[in-house]
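To start, the structure itself, in structure tokens.
None of the figures in this text is laboratory data; all of them are computed from the coordinates on show. It should be emphasised that the depicted structure is a prediction, and the values quoted were computed from it without experimental measurement. A quick note on method: Cβ atoms are made from the backbone with ideal geometry, for glycine too, and the neighbour counts reach across all protein chains shown.
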Amino acid sequence: MVATTSIRVLIADDHPVVRVGLRNMLQADSLVKVVGEARDGVEALELARKLRPDILLLDLAMPHVAGMDALREMTSGNLNTRTIVLTGLIDNRQILEALQLGARGVVLKDAVVEHLSQCIRAVMQGQYWLEGRPVQNLVQVLRDLTAQTAPQPRKTFGLTAREMEVVTLITEGCTNKDIAKQFGISEETVKRHLTNIFNKLGVGNRLELALFALNHNLLPPADGQ
Amino acid sequence: MPVNETTLASQVFDQLQQAMVCDPAGFTELYRDYLTDAWQALRKLSEAVQQKQADEVRARAHRLKGSSQVLGAREVAQCASALEEMGRNDDVQGAGVVLEQAGRALQQVQAELSNRLGLAVVPADQTAAW
């Protein structure tokens with residue numbers, strides 16, 4: 001149940017016009033009291049520690065300490081403040097990271113007028129808020145977001161493991177001789193592999209094969225990715 | 001006269017105006033500050049595009065997108081979003097066209113606001129250099 005005392009809100013956004021707009025929007029809500037405004041991540045953390053607000057409205061893209069780093073600090077800082085992330089667009093990877101770091105809600109900046117007060121109330125009631133509504137099943141949301149942000153599995157188009165290796169080397173510009181040497185097989189065997197690959201993928205030459213591989217996610221991820 | 005939805009979201013404008021009903025001068029000042037900042041952002045974006053400073057384009061466009069979204073200037077926000085994406089992709093070649101579109105959209109926002117709030121909302125000499 002929502003308390004009858006004011007919900008104390010701290011606004012953190014580097015843009016003064018946004019801060020003024022948010023403050024005025026929230027001042028119209030009799031249950032909300034804006035207790036402070038921060039211009040960057042460092043100030044957000046300082047004011048959160050000092051003012052102990054119920055809610056921190058946090059822009060993710062701020063100078064000095066970025067919003068995500070501020071969120072990480074907030075979570076580890078043993079504060080009771082609940083964070084609502086303000087963002088310009090839906091980026092599932094970013095939302096997933098924010099939720100994992102302890103954010104309780106995500107509101108699009110172009111929907112603040114419509115949703116911010118509702119979101120603040122929902123979060124104060126212990127709920128999570130995403131995509132313009134309270135979340136009933138956070139576990140399911142996290143599972144869905146994780147699935148959506150997971151890298152796409154590498155497609156094989158029926159190629160064998162060795163044929164996939166041959167494709168990778170072809171796209172790197174290796175000749176049949178190079179490939180034969182690398183795998184310790186004859187050039188005839190490499191040619192046979194290539195014929196099979198061409199037939200399976202419906203391509204006619206090495207260039208078409210390289211383009212197909214690039215366009216269809218056929219190559220292994222680069223090192224470090 | 002209703003506010004053009006694409007230019008300026010009426011729900012945002014009306015609700016903000018309602019929220020600041022006791023401070024109409026402050027409401028006008030808020031939008032004047034937005035226009036001042038947005039025109040300046042477009043000028044800086046134009047410079048950054050000419051100098052092919054993709055990261056500068058990304059950062060400035062992101063800021064413009066945020067304020068435009070919060071104050072309901074939807075088309076300006078959409079243009080800023082496109083510019084931000086170009087900057088992120090390190091490809092600002094087509095940014096000039098988007099900038100021009102953003103300038104036209106902002107001019108429309110200013111005209112709408114001027115209709116609604118009077119000439120006091122128009123910043124002095126802000127559009128001249130654009």
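Residues of the stretch A:74-106 with amide nitrogen under 15 Å from the 7 Å Cα-to-Cβ point of A:His64? The answer is A:74. Once backbone amide H atoms are built at 1.01 Å from N, A:Glu37 has A:Ile11 as its partners under 5 Å, excluding neighbours fewer than 5 places away on the same chain. Computed from backbone phi, the HN-Hα couplings of the stretch A:120-126 come to 4, 5, 4, 5, 5, 7, x Hz, rounded to whole numbers (Karplus: 6.51 cos²θ - 1.76 cosθ + 1.60, θ = phi - 60°; Gly and Pro given as x). Of the DSSP beta bridges with both residues in the protein assembly as shown, give the percent that are antiparallel, rounding to the nearest 5. Counting DSSP beta bridges with both partners in the protein assembly as shown, the antiparallel share is about 15 percent.
When peptides A:173-179, A:35-41, A:190-196 are ranked by their average number of other Cβ atoms within 10 Å per residue, the highest-first order is A:35-41, A:190-196, A:173-179.
Couplings for the stretch A:174-187, taken from phi via the Karplus curve 6.51 cos²θ - 1.76 cosθ + 1.60 with θ = phi - 60°, read 6, 7, 4, 5, 4, 5, 4, 5, 4, 9, x, 10, 7, 5 Hz in order; Gly and Pro are left as x. Highest mean packing first, where packing is the average number of other Cβ atoms within 10 Å per residue, the peptides B:114-124, B:84-94 line up as B:84-94, B:114-124.
Taking the average, over residues, of other Cβ atoms within 10 Å as the packing measure, peptides B:23-35, B:52-64 rank B:52-64, B:23-35 from highest down.
What separates the Cα centres of the stretch B:53-130 and the stretch A:48-118 is a distance of 25 Å. What is the helix-to-structure angle for B:74-88, meaning the angle in degrees between its Cα long axis and the longest Cα principal axis of chain B, kept from 0 to 90 and rounded to the nearest 10? Roughly 20 degrees between the two axes. The mean count of C-beta atoms from other chains within 10 Å of the C-beta of residues in B:28-39, rounded to a whole number, is 2. Counting, for every residue in B:60-67, the Cβ atoms of other protein chains within 10 Å of its Cβ and taking the mean gives 5. Compute the long axis of helix A:41-51 from its Cα atoms, compare it with the longest principal axis of the Cα atoms of chain A, and write down the angle in degrees, 0 to 90, nearest 10. The angle comes out near 40 degrees.
Across chain A, C-alpha contacts under 8 Å between residues 6 or more apart give a mean separation that, scaled by the residue count, equals a relative contact order of 13 percent. Taking other residues whose beta carbon is less than 14 angstrom from the beta carbon of B:Asp14, and scoring Lys, Arg as +1 and Asp, Glu as -1, yields -2.
Placing +1 on each Lys and Arg Cβ and -1 on each Asp and Glu Cβ, with no other charges, gives the stretch A:1-153 a dipole about its Cα centre of roughly 460 debye. For chain B, the longest principal axis of the alpha carbon atoms and the long axis of helix B:24-50 meet at an angle near 10°. Taking all Cα pairs closer than 8 Å and separated by 6 or more residues, the relative contact order of chain B comes to 33 percent. Only lysine pairs 8 or more places apart or on separate chains count here, and in chain A those with Cα atoms under 25 Å apart total 9. The overall shape of the stretch A:1-82, judged from the alpha-carbon gyration tensor, is oblate: a/c is not under 1.5, and a/b is no greater than b/c. Between A:Glu165 and A:Leu211, the distance separating the two model label sites (each 7 Å from Cα on the Cα→Cβ line) works out to 2.9 nm. Overall shape: prolate for the stretch B:22-130, with the ratio a/c of the largest to smallest alpha carbon gyration tensor axis at 1.5 or above and a/b above b/c.
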